[in-house]
Amino acid sequence: MVLAVLAAVAGLYGLYVGIFMPGWETDQISAELGRAYERSKARERHGTSLAPLSPGADVWRDAVNTAMAASEAVQTAETVAEWRQAADLWREAIELMKAVPASSEYYPLAQEKALEYQPNFIYTQQRAQ
């Protein structure tokens, strides 16, 4: 079961990295997956909850998930309502990225992504009119 979940996570993580971290190399991805697996095993051994690993991890995770949803919405948007929904998702992703606390390890990347998502938001907003 754990291996199946890890395989699914690895696939999604590869998609995520390709979209949101295009400069990352395969060895960096593998190293990060290894660290995530070790943290997961440590939590299981010690019975700890899945609390955020760093300040802002939940906001970061929500921002990434929202950006992925926005990206998926753009792929199928045809009607004005669908474009409006995609624009709303991009706006939310930008706001969430800006909300990542400065104390978070994700802060620099979140600020970069907030700027990077702006053209996506503008494009979808124009299509929604």
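Side notes on the structure shown:
- Residues within the range 78-129 that are surrounded by 19 or more Cβ atoms within 10 Å (Cβ to Cβ), more than 20 Å from the chain's Cα centre (by Cα) and not in a helix (DSSP H, G or I), tallied: 0
- Condition check for LEU89: of a type outside the set (Ser, Thr, Tyr) and either modelled with pLDDT of 95 or more or closer than 21 Å to LEU115 by Cα (or both): yes
- Residue match in the range 21-39 (condition: part of a helix (DSSP H, G or I), surrounded by fewer than 18 Cβ atoms within 10 Å (Cβ to Cβ) and at pLDDT 90 or above): no
The values are calculated or read from the model by the stated rules, or taken from the named source; none is laboratory data. Keep in mind that this is a model prediction, so the values were computed, not measured. Cβ coordinates were reconstructed from backbone atoms using ideal geometry, including for glycine residues, and neighbour counts include every protein chain displayed.
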